[in-house]
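Data first, discussion second: the structure below is written as structure tokens.
Taken together, the values in this text are just the output of simple stated rules run on the coordinates, not laboratory data. Fair warning: this is a prediction, and the values are worked out from it, not measured in the lab. Reconstructed Cβ throughout: ideal geometry from the backbone, glycine too, with neighbour counts over all protein chains shown.
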Amino acid sequence: MQNTIGIDLGGTSIKTALITSKGRIIKKYETPTQADKGSKTVVDNIISSIEKIKSGKIAGIGIGSPGPLNYKTGTITNPVNLPFRNIPLRKIIQSRFKTKVFLDNDANCFALAEAVFGQGKKYENIIGITLGTGLGGGFVINKKVYHGRNNAAELGHMTIKYDGPKSRCKNNGCIETHVAARGIKRLFNGSDPYSICKLALKGNKKAIKTFDKMGYYLGIGLTNIIYAFDPDIVVIGGKISDSWKFFSKTMNEAVKERYFTKPCKIVKSNLKEAGILGAGALVLEK
């Protein structure tokens with residue numbers, strides 16, 4: 001099978017790679033997104049990054065991007081950290097390189113990477129969770145992303161406390177407000193989650209307690225998700241997952257005490273470039 005190109009499009013950088021069908025990265029290139037310079041510059045940077053690593057015939061190009069977006073039309077509608085407003089990115093890249101192009105939410109790409117190459121490759125039903133600035137989610141069934149009408153598995157916006165903290169999604173008390181970056185910062189009453197993790201590593205009791213609470217809240221959210229989807233496995237990634245040793249115990253305790261039978265496996269991602277691999281796997285999915 002021919003190689004694919006996977007692109008992890010972020011607000012800060014664009015990561016692009018030439019990938020085999022087995023998930024091996026042959027060549028990788030990373031460049032600043034330069035979002036502050038406007039949509040044309042970002043698109044030009046995407047095209048340039050593809051040209052840097054493209055070699056021989058490819059099966060297609062997959063792009064993982066922050067949402068909101070429309071995967072059916074290949075249009076990025078109105079993301080927070082990108083200067084795109086209804087930009088038909090798939091059509092632009094397809095026209096330039098004369099090959100199939102696929103676009104999807106970056107959290108869906110993470111879940112797909114885990115389903116095809118990672119912790120979920122031996123299973124049929126996989127939930128992928130990314131913990132960072134927000135909480136992203138994706139649901140993969142038999143190696144295909146489940147989209148619903150368009151935006152299925154926006155798991156971070158599920159409410160776990162109806163009168164909880166205000167959320168940017170307007171669904172106050174959502175999982176994201178408790179376990180993503182701003183939620184952890186609020187629990188600690190200052191600092192960012194990565195600094196808090198460093199404090200926890202040094203034995204700081206307040207930092208450790210913060211992740212204990214965060215893990216318990218995450219466990220409540222995961223219980224709801226497991227009740228809804230009954231997956232074979234849940235895989236957790238994202239930068240905050242580096243604090244796994246501090247939150248996984250209370251997370252698992254919350255799930256076990258709230259779920260009515262034995263819950264599925266909940267594991268940490270071990271893929272180094274899940275975003276790129278998942279974008280490339282969009283081509284294999286079709």
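Using modelled amide H (1.01 Å from N, peptide plane; none on Pro or chain starts), what sits under 5 Å from the amide H of Ile266, excluding residues fewer than 5 places away?
Val234
Which of Arg182, Arg258, Arg149 moves the most in a Gaussian network model of the chain with Cα springs under 10 Å?
Evaluated over the chain, the most mobile residue of the options is Arg149.
Could you state, as a whole-number percent, how many of the C-alpha pairs of region 122-268 are farther apart than 20 Å?
The share of Cα pairs beyond 20 Å in region 122-268 comes to 45 percent.
Which lysines, on any chain, are close to Lys262 with Cα under 23 Å apart, when same-chain ones fewer than 8 places away are left out?
Lys121, Lys122, Lys213, Lys245, Lys249
May I ask for the distance between the Cα centers of region 82-111 and region 155-212, given as a whole number of Å?
For region 82-111 versus region 155-212, the Cα centre distance is 31 Å.
Using only helices, what value at 222 nm comes out for the chain when you add -39,500 (n - 2.57) per DSSP H run of length 4 or more and divide by the total residues, to the nearest 500 deg cm²/dmol?
-11500 deg cm²/dmol
Which of Gly238, Cys264, Ile61 sits farthest toward the positive end of the charge dipole of the chain, with +1 on the Cβ of Lys and Arg and -1 on the Cβ of Asp and Glu?
Result: Ile61, furthest along the dipole toward the positive end.
Hey, what do the phi angles of region 171-188 turn into as Karplus ³J(HN,Hα) couplings, whole Hz, using 6.51/-1.76/1.60 and θ = phi - 60°, x for Gly and Pro?
Calculated HN-Hα couplings, in order: 9, 3, x, 6, 4, 4, 5, 9, 10, 8, 3, 5, x, 5, 4, 5, 4, 7 Hz.
Considering only DSSP beta bridges where both residues belong to region 48-125, give the percentage that are antiparallel (nearest 5).
Of the beta bridges lying entirely in region 48-125, close to 40 percent run antiparallel.
Would you be so kind as to identify which of Ile127, Ser48, Ile141 lies farthest towards the positive end of the dipole of the chain, taking Lys and Arg as +1 and Asp and Glu as -1 on Cβ and the Cα centre as origin?
Going by the charge dipole, the pick is Ser48.
Can you run phi through the Karplus equation (6.51, -1.76, 1.60; θ = phi - 60°) for region 54-62 and list ³J(HN,Hα) in whole Hz, with x for Gly and Pro?
5, 8, x, 6, 10, 6, x, 10, x
Just want to confirm a number: the relative contact order over region 10-77, from Cα pairs under 8 angstrom separated by 6+ residues, in percent.
Computed value for region 10-77: 27 percent relative contact order.
Using a cut-off of under 18 Å, list every residue of region 222-251 whose amide N is near the label point 7 Å from the Cα of Lys262 along the Cα-to-beta-carbon line.
Inside the label zone: 226-227, 230-234.
With a 10 Å radius around each residue's Cβ, average the other Cβ atoms per peptide and rank 241-254, 35-48, highest first.
Averaged packing, sorted descending, gives the order 241-254, 35-48.
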